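A.B. asks: Below is one structure. I have some questions about it.
FYI, it's all coordinate maths here, none of it is from the lab. What you are looking at is a predicted structure, and each value in this text was computed from that prediction instead of being measured. Every residue, glycine among them, receives a Cβ derived from its backbone with ideal geometry; neighbour counts consider all protein chains shown.
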Amino acid sequence: MLLNDRLLSFWCDRYGNEVDFIIGDEVAIEVKASHMVSGKHLKGLRLISEEVPFKNKIVVSLDQNPRLIDDILILPYKEFLSRLWNNAF
């Protein structure tokens, strides 16, 4: 599937680690139904980053405030949607 002329896909390795959405070779998105994303939620994004140096690595969650864990952006889902519709990624 294409999203703004970029391929929309997902990623999974042979061990079952996965990333929910990959947009081209620029954006990797993981979605978590958590109110407090922590390091254990970032495994898939960290593993795929060893293969592709994504410009944006994002976890969309139920967190109350945006924040960074290393170079991974944690975004509340409403803020993620607002940024997405404003072509921030």
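A.B. asks: Would you kindly identify the strands (runs of 3 or more DSSP E) lying entirely within segment 1-76 that contain at least 1 residues that are among the hydroxyl-bearing types (Ser, Thr, Tyr) and within 20 Å of PHE89 (Cα to Cα)?
C.D. replies: Numbers: elements: 6-12, 18-23, 27-31, 56-61, 67-69, 72-76.
It comes to 6-12, 56-61.
A.B. asks: Same structure, new question: What tally of residues in segment 48-68 results from selecting those that are under 12 Å from the mean Cα position of the chain (by Cα) and surrounded by 13 or more Cβ atoms within 10 Å (Cβ to Cβ)?
C.D. replies: So the count comes out to 9.
A.B. asks: Shifting gears a bit: Working only within segment 17-31, note down all residues that are touching a helix residue (DSSP H, G or I) at 6+ places or on another chain (Cβ under 7 Å) and among the hydrophobic types (A, V, I, L, M, F, W, C).
C.D. replies: First, the residues of segment 17-31 that are touching a helix residue (DSSP H, G or I) at 6+ places or on another chain (Cβ under 7 Å): 17-19, 28, 30.
Result: VAL19, ALA28.
A.B. asks: Something else about it: Hey, among the residues in segment 8-37 that are among the charged types (D, E, K, R) and under 15 Å from PHE80 (Cβ atoms), which one's farthest from the chain's Cα centre (by Cα)? Step through it out loud before you land on a result.
C.D. replies: Restricting attention to segment 8-37, the residues satisfying the condition of being among the charged types (D, E, K, R) are 13-14, 18, 20, 25-26, 30, 32.
When the remaining residues are screened for being under 15 Å from PHE80 (Cβ atoms), the result is 20, 30, 32.
Numbers: ASP20: 7, GLU30: 4, LYS32: 10 Å.
Going through the qualifying residues, I end up with LYS32.
A.B. asks: Please go through segment 27-67 and give me each residue that is within 18 Å of GLY16 (Cβ to Cβ) and touching a Ser or Thr at 6+ places or on another chain (Cβ under 8 Å), ordered by number.
C.D. replies: ALA28, VAL31, LYS32, HIS41
A.B. asks: Next question. Can you report the number of residues in segment 1-42 which are touching an Asp or Glu at 6+ places or on another chain (Cβ under 7 Å), under 15 Å from PRO76 (Cβ atoms) and of a type in the set (A, V, I, L, M, F, W, C)?
C.D. replies: Adding up the residues that qualify gives 4.
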